Amino acid sequence: MELKNNIRIDKGKTAFLIIDMQNSYCHPNGSIGRNGYNSTMMNATIPKVKELLEVSRSNGILDIWTIQNHYQDDKTRFNRLIPPHTHRWKAGSPALKDTWDAKVVDELKDFINNDTELITKHRFSSFYDTRLDTLLRMKGITTLIIAGVATTHCVETTVRDAYQRDYDVIVAGEAVAGQSLEDHESSIRLINKLFGVVLTNTQVMSLMRGEEISYDLKIESMVNE
């Protein structure tokens, strides 16, 4: 079931949150790709994130980047009764601190300068044990536009945490991805129905330019519908 919804963002109260666009996830030779896992879809987000960055910067919208850092000797991983996700595949922990894997992909790194807001994180959520929520409140941000990887892991977890903190959440559907299309689409459906809205890059760029857009608002269907 769908309803029409019209929105226009306040640029001064909006931030563009870019999640984990790092070699480990997005480069074919990153720890995921070189260990035989599929990084193709995550790699394909790079130009989509880049075009959103160009529009957000030209319209004075704050961009914030998360940088995932794992540690090879993370004791919390080894002390678990149930093996964590990093111990369930041969790639091991991605984005190890101070390695090439942890660096932002070449296509986007020139956007980062001394004034760029970088948030280091060690778990899926961009909010968990980071300064992100404090930074957003200090900047007066109420709306988040989210892009990055992986949809099923850090993106969805961040979206959930943002929603719990009463932020309006817009996900750029063409600028997020994961390893599995099936799992990615499952996360997208859930986000669209419960936690925010998933829009095309064209729609997101219109919002970034201060335009009003109309979209189909997904809602939960009745069991017997």
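Rule-based calculations on the coordinates, nothing more; no lab input. This one's a predicted model, so the numbers in the text were calculated from it and none came from an experiment. Cβ coordinates were reconstructed from backbone atoms using ideal geometry, including for glycine residues, and neighbour counts include every protein chain displayed.
Observations on the model:
- Cα gyration tensor shape for the chain, rounded if a/c is under 1.5, else prolate or oblate: prolate
- For segment 127-225, the gyration tensor built on C-alpha atoms gives a rounded shape. Its axis ratio a/c (a ≥ b ≥ c) stays under 1.5.
- Cα gyration tensor shape of segment 22-92, rounded if a/c is under 1.5, else prolate or oblate by comparing a/b with b/c: oblate
- Mean separation of Cα contacts under 8 Å, 6 or more apart, over the residue count of the chain: relative contact order %: 31
- For the chain, the longest principal axis of the Cα atoms and the long axis of helix 181-190 meet at an angle of about 40 degrees.
- Separation of segment 108-137 from segment 55-92 is 12 Å, based on Cα centroids.
- Across segment 199-207, coupling constants 3J(HN,Hα) worked out from phi with the 6.51/-1.76/1.60 Karplus curve, θ = phi - 60°, read 10, 6, 4, 4, 5, 5, 5, 4, 4 Hz, and Gly and Pro carry x.
- Sorted by Cβ neighbour density within 10 Å, fewest at the top, the residues TYR163, TYR71, TYR25: TYR71, TYR163, TYR25
- Here the dipole of the chain is about 540 debye; that uses its Cα centre as origin and unit charges on the Cβ of Lys and Arg (positive) and Asp and Glu (negative).
- Among LYS90, LYS11, LYS103, the largest mean-square fluctuation in a Gaussian network model of the chain, built with springs joining Cα atoms closer than 10 Å, belongs to LYS90.
- Within the listed set ILE112, ILE141, ILE61, the residue fluctuating most in the Gaussian network model of the chain (springs between alpha-carbon atoms under 10 angstrom) is ILE112.
- In the chain, the DSSP beta bridges split such that about 20 percent are antiparallel, to the nearest 5.
- Among GLN68, MET205, LEU217 the positive-end extreme of the charge dipole of the chain (Cβ point charges): GLN68
- Measuring against 27 Å, Cα to Cα, the residue pairs LYS11/LYS103; LYS50/LYS121; LYS48/LYS121; LYS11/LYS218 contain LYS11/LYS103 as the ones spanning a longer distance.
- MET42, MET205 arranged by Cβ crowding within 10 Å, fewest neighbours leading: MET205, MET42
- Choice from PRO84, PRO94, PRO47 showing the highest fluctuation, given a GNM over the chain with Cα pairs closer than 10 Å: PRO84
- Residues of segment 5-33 with amide N under 19 Å of a point placed 7 Å along Cα→Cβ from LEU217: 5-10
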